[in-house]
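Everything below concerns the one structure shown next.
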Amino acid sequence: MNKKEIALLASLVLTTVISVLSGQIYEAETIRANTLRLHIIANSDSAADQQQKLYIRDKLLEMEDILPDNAQNIDHALSVVRGNLPVIEKRINTLLKNSGAEYGASCSIENYYFDTTEYSDFILPQGEYTALTVRLGKAEGRNWWCVMYPALCSTSCGEIALENSSSFIKVQRPAMRFKVVEIYEELKNKLKTNTAEKYDHTG
């Protein structure tokens, strides 16, 4: 094989690798853009506060009249949650008051960074997701989350209901899938942090 053929082969291999990596990054971005998470942060890590978190979780997931269980798409899901945000917060605060909690709750829709999460037959790549975030009290305790859209939250135990999962999340080999996305996201976060520190130091 002469130099020209080697160069051509190397170029072909590089093009193929870039194509595969770009496809994985695009697929991860598509998943994040079409996923709405529910994120509940406990007041503290005390046994009582952690139990209170799970109690609020179960009660919240029973509020089918104000949750996007039957949303047609991510925009519809976000519209339902945004429209019901004051109601959700009010109901949670009522539950906290009735259960004797000495703190309230605040609810918001925000972007939150999640690590890669693997399940038996699907994976959620790491990165920023839109989430309905419920902060209980000081919100200094361990958190709990699930996928609100597509509707994968289980009211009984907070696990993922696989039978309801969307096909775009399912993968064949979750242990290897999106590994390049993890590297890409870590580099992007590092660059973002370094940039922020640079601006802080020049301020």
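Counting heavy atoms of the protein chains alone, Ser99 has an accessible area of about 50 Å² for a 1.4 Å probe. With Cα atoms as the point set, the stretch 71-122 shows a radius of gyration and Dmax of 15.3, 41 Å.
The values are calculated or read from the model by the stated rules, or taken from the named source; none is laboratory data. Only a predicted model underlies this, so the values are computations on that prediction, with no experimental measurement involved. Remember, those area values only see protein heavy atoms, side chains included, never the ligands or the DNA or RNA. Shrake-Rupley method; radii C 1.70, N 1.55, O 1.52, S 1.80 Å.
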